[in-house]
Amino acid sequence: MKSTGGKLLVFQSVLPSVGIGALSSREAEGRTNISASEKEAHKLLQPADKILKTMAIEFAEYQVCVDVFVTTQTYVDIASISVIPRTTGGQVYYYYPFSAVSDPAKLYNDLRWNITRPQGFEAVMRVRCSQGIQVQDYSGNFCKRIPTDVDLAGIDCDKCILVTLKHDDKLQDGSECGFQCALLYTTVYGQRRIRVTNLSLPCTNMLSNLFRSADLDTQFTCFLKQAAIEIPTCPLLQVRDHVTNLCINILLSYRKFCATVSSTGQLILPEALKLLPLYTLALIKSRGLRNDGRMDDRSFWFNYVSSLSTPLAIPLVYPRMFAIHNVDTKDGDESALPPTIPLSSEHVCDDGIYLLENGEDALIYFGSSVDSSILQQLFGFTSVDEVPTQVLCFTSVFQVFVC
């Protein structure tokens with residue numbers, strides 16, 4: 001593929017223990033060594049050696065994007081395997097523990113979308129800013145040969161790249177600062193195109209205006225990706241403390257410089273960011289930042305987060321729950337969903353049916369007293385006892401809990 005570039009799909013089920021870049025089961029070593037497990041466990045989230053990194057750079061140089069589908073029931077060292085997809089603009093799909101009964105539907109859907117989604121190849125991206133602001137860093141799934149450009153062997157509609165900006169000069173109040181993102185890429189039909197996105201934002205010296213216009217989803221996505229960047233290099237306790245301090249510093253700045261005088265014990269939150277503490281707590285309790293769990297699960301989590309788009313960031317750590325027994329289907333709109341409800345037992349009834357999803361997986365909860373007519377209308381069952389433990393479809397896999 002050196003002469004043409006393109007896309008490579010790799011299917012892996014066991015630890016690649018032979019040949020070039022052979023790996024060993026490092027997780028077992030880390031768990032038998034107490035000091036490694038507690039103090040240096042993050043080193044098991046780094047690639048085992050430099051062979052795969054060298055191979056990844058070579059793939060990126062020849063514009064070959066690699067996606068890896070891991071269907072396994074054992075440790076496969078995701079930390080090392082993921083280096084190639086992450087460097088070439090690809091993605092890791094992880095199915096653990098893989099079940100030949102329940103997972104083929106999800107595997108089929110992921111593979112179908114991977115091939116058919118809008119995507120491009122041989123891409124180069126650059127972000128430019130007005131005077132007074134400069135790009136400090138990029139993070140995501142790409143290869144960067146020079147500081148100003150991002151090289152992507154493959155780019156698709158699901159990928160997101162975090163751009164960190166630095167304020168290095170005075171900006172006049174009331175003026176505007178401009179941003180431009182230019183992406184040069186090749187379509188799947190071989191056409192060379194350039195896509196340019198421009199954004200102009202007003203400057204202000206009033207901190208209250210900044211908090212009033214804050215974007216909660218974007219702010220939390222930055223928290224999430226910064227945590228993902230630190231996980232392979234820092235102890236988990238340090239990462240959790242850093243995430244917590246980010247939230248505290250933002251809220252402290254609002255209380256100190258923007259809020260009216262109030263008692264010390266009163267909680268004061270900016271309206272636009274009032275849910276930030278809740279989402280921060282959910283992030284700390286997420287799979288990637290918990291002490292328990294497998295190394296492969298944590299490795300997959302921070303690799304998945306590194307290219308996650310903004311709309312999916314919050315649901316990943318704070319899932320969306322719907323009361324689907326209250327679905328009111330309108331004429332011509334069979335996909336209508338009810339509004340989300342808080343994740344609290346107070347909003348769950350014994351006679352209800354609830355859908356919980358985080359953008360990747362979905363759970364359906366059946367109350368013990370669900371009306372048989374609703375069951376018949378929605379699922380074709382007359383009793384809760386008839387509901388199978390797993391419902392398979394071509395779009396996703398639903399695990400069912402019956403109480």
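Being among the polar types (S, T, N, Q) and in a loop (DSSP other than H, G, I, E, B) is the filter here; which residues of the range 254-290 pass it?
Thr260, Ser262, Ser263, Thr264, Gln266, Ser286
Go through the range 130-148 and give me each residue that's over 23 Å from Ile84 (Cβ atoms), hydrophobic (A, V, I, L, M, F, W, C) and touching a residue at least 40 places away in the same chain (Cβ under 8 Å).
The one that is over 23 Å from Ile84 (Cβ atoms), hydrophobic (A, V, I, L, M, F, W, C) and touching a residue at least 40 places away in the same chain (Cβ under 8 Å): Ile133.
Could you list, in sequence order, all residues of the range 189-219 that are over 30 Å from Thr116 (Cβ atoms) and assigned to a helix (DSSP H, G or I)?
Leu207, Ser208, Asn209, Leu210, Phe211, Arg212, Leu216, Gln219
Has the range 232-240 got at least one residue that is among the hydroxyl-bearing types (Ser, Thr, Tyr) and either assigned to a helix (DSSP H, G or I) or modelled with pLDDT of 95 or more (or both)?
No, the range 232-240 contains no residue that is among the hydroxyl-bearing types (Ser, Thr, Tyr) and either assigned to a helix (DSSP H, G or I) or modelled with pLDDT of 95 or more (or both).
From the set of residues in the range 30-83 that are in contact with a Gly (Cβ under 7 Å, 6 or more places away or on another chain) and either closer than 18 Å to Pro232 by Cα or surrounded by fewer than 19 Cβ atoms within 10 Å (Cβ to Cβ) (or both), which is modelled with the lowest pLDDT?
Ala36
Look through the range 125-176, keep the residues that are among the polar types (S, T, N, Q) and assigned to a strand (DSSP E or B), and return whichever of them is surrounded by the most Cβ atoms within 10 Å (Cβ to Cβ).
Ranking the qualifying residues of the range 125-176, first place goes to Ser139.
Which of the numbered conditions does Asn249 fail, given that it passes all the others? Conditions: (1) buried (at least 17 other Cβ atoms within 10 Å of the Cβ); (2) assigned to a helix (DSSP H, G or I).
Among (1) buried (at least 17 other Cβ atoms within 10 Å of the Cβ); (2) assigned to a helix (DSSP H, G or I), the lone unmet condition for Asn249 is (1).
Looking at the range 97-128 only, could you name the residues that are aliphatic (A, V, I, L, M) and closer than 17 Å to Tyr185 by Cβ?
Ala123, Val124, Met125, Val127
State whether one or more residues within the range 188-203 are at pLDDT 95 or above, crowded, with 16+ Cβ neighbours inside 10 Å, hydroxyl-bearing (Ser, Thr, Tyr) and not assigned by TED's automatic domain parsing to the domain that holds Pro270.
no
I'd like to know if the range 295-305 contains one or more residues that are part of a loop (DSSP other than H, G, I, E, B), among the aliphatic types (A, V, I, L, M) and not assigned by TED's automatic domain parsing to the domain that holds Gly89.
no
The values are calculated or read from the model by the stated rules, or taken from the named source; none is laboratory data. Fair warning: this is a prediction, and the values are worked out from it, not measured in the lab. Virtual Cβ from ideal backbone geometry, glycine too; neighbours counted across all protein chains shown.
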